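Have a look at the structure below before the remarks.
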Amino acid sequence: MSQLTIYGDTFDSRLLIGTALYPSIKVMRQAIEASGSEIVTLSLRRQSPQDNGGEQFWQQIKELNVTLLPNTAGCHSVKEVVNLAKMSRELFQTDWIKLELIGDEYSLQPDPFELVKATDILLKDGFKVLPYCTDDLVLCRRLADLGCEVIMPWGAPIGTGQGLLNPYALETIRHRLPDTTLIIDAGIGLPSHAVQAFELGYDAILLNSAVAQATDPVLMATAFKYAADAGRIGFLAGRMPEKQIAQPSTPTMGMPFWHQE
Amino acid sequence: MKLFFNGEPHSIELADVAGHQRQLDTKSALSLSSILVHFAVKPPFAVALNGEFVANNNYQTTLIKENDKVDVVSPIFGG
């Protein structure tokens, strides 16, 4: 099966997974391993002496030997994301940044206008930007025009688990940006949502809560691993033509009793 | 000298800050690296001063002024 490409780097897994909200660090690690993911998201926060500077978490992440995708979660301005991105680049030694710039506190909807400005600044500064955005085609096209090789429209608001609320918009983005790596970020709650994302032609999915807040996170991580494979392989296989009229699959020719009455 | 460290107000004396660089001082300036030692910052970390990133090779030469805001961040869970 073809590999996922992110700014020239290739990966076997098409599942990107977050590190937050797990019942414990141990479960987090087991779930990440079960998911087969090669890319994990993480963040930066003020150092707290109480948790020893996050040393335990950091040790576990390093031992996983995965590619790190730091985010700018919680930022509300261009200045905040640009500076947090620079801090991430130095600390994590990566120029990858999952760019989150929130425009609405209630829905956690990204601010599309400021996102474009921040993306432009960071790309020019050498970052490889993976912007988290809404499912607006023109926004996504603008981000691609700036030089984003990866764009991550939401399926639904962060942490809702509602799935792909606007498949039409997502499919339109896919059709209009055929050469961009597209990743559904946020909103996925079930393995079936993941399958749907891949069936729409998306290259990967990024999720966190769907696994971390499942009754059994490790088992759910396994389910998403298979869902990603099933969805991607199904997409590559090409679906049958849809029809409005029933068509028997068993031949009618040679049917006994045919017109005997 | 008053400053904000990770959002909390602190009042510190020059004499209390280990390793501060008097040769760089005016009366109240301290190097950022001295402040990091004073607050026992543990690696890995990155630093912003008044909301602006400071590269680690500039800690020694960056001076802290009255009411400056120092933020020190470390890795944490994230989605």
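Some observations on this one:
- Exactly one residue among A:GLY74, A:GLY54 is assigned to a loop (DSSP other than H, G, I, E, B) and farther than 19 Å from A:CYS148 by Cβ, and that residue is A:GLY74.
- Taking segment B:61-79 as the range and being assigned to a loop (DSSP other than H, G, I, E, B), more than 22 Å from B:PRO9 (Cα to Cα) and open to solvent by 50 Å² or more (accessible area, probe 1.4 Å) as the test, only B:THR61 passes.
- Members of segment A:57-71 found to be under 24 Å from A:GLY187 (Cβ atoms) and not in a strand (DSSP E or B), listed by number: A:VAL66
- Here the condition is being surrounded by fewer than 22 Cβ atoms within 10 Å (Cβ to Cβ) and more than 20 Å from A:SER209 (Cα to Cα); of A:PHE11, A:PHE57, it holds for A:PHE11 alone.
- Counting only helices (runs of 4 or more DSSP H) that sit completely within segment A:82-186, those holding 1 or more residues that are open to solvent by less than 60 Å² (accessible area, probe 1.4 Å) and within 13 Å of another protein chain (Cβ to nearest Cβ) correspond to A:112-124.
- Qualifying residue in segment A:197-220 (condition: surrounded by 21 or more Cβ atoms within 10 Å (Cβ to Cβ), in a strand (DSSP E or B), β-branched (Val, Ile, Thr) and in contact with a Phe, Trp or Tyr (Cβ under 8 Å, 6 or more places away or on another chain)): yes
- Out of A:ALA227, A:ALA194, sole residue that is surrounded by 16 or more Cβ atoms within 10 Å (Cβ to Cβ) and in contact with a Gly (Cβ under 7 Å, 6 or more places away or on another chain): A:ALA194
- Members of segment B:42-58 found to be outside any loop (DSSP other than H, G, I, E, B) and at the interface with chain A (Cβ under 7 Å from one of its Cβ atoms), listed by number: B:ALA46, B:ALA48, B:GLU52, B:PHE53, B:ASN56
- Residues that are of a type in the set (A, V, I, L, M) and either farther than 28 Å from A:THR19 by Cα or more than 7 Å from chain A (Cβ to nearest Cβ) (or both), drawn from segment B:59-79: B:LEU63, B:ILE64, B:VAL70
The values are calculated or read from the model by the stated rules, or taken from the named source; none is laboratory data. A quick note: this is a predicted structure, and the numbers were derived from the prediction, not measured. With ideal geometry, Cβ positions are generated from the backbone for all residues, glycine too; neighbour counts draw on all protein chains shown. Just the protein is used for accessible areas: all its heavy atoms, side chains included, with ligands, DNA and RNA removed. Shrake-Rupley method; radii C 1.70, N 1.55, O 1.52, S 1.80 Å.
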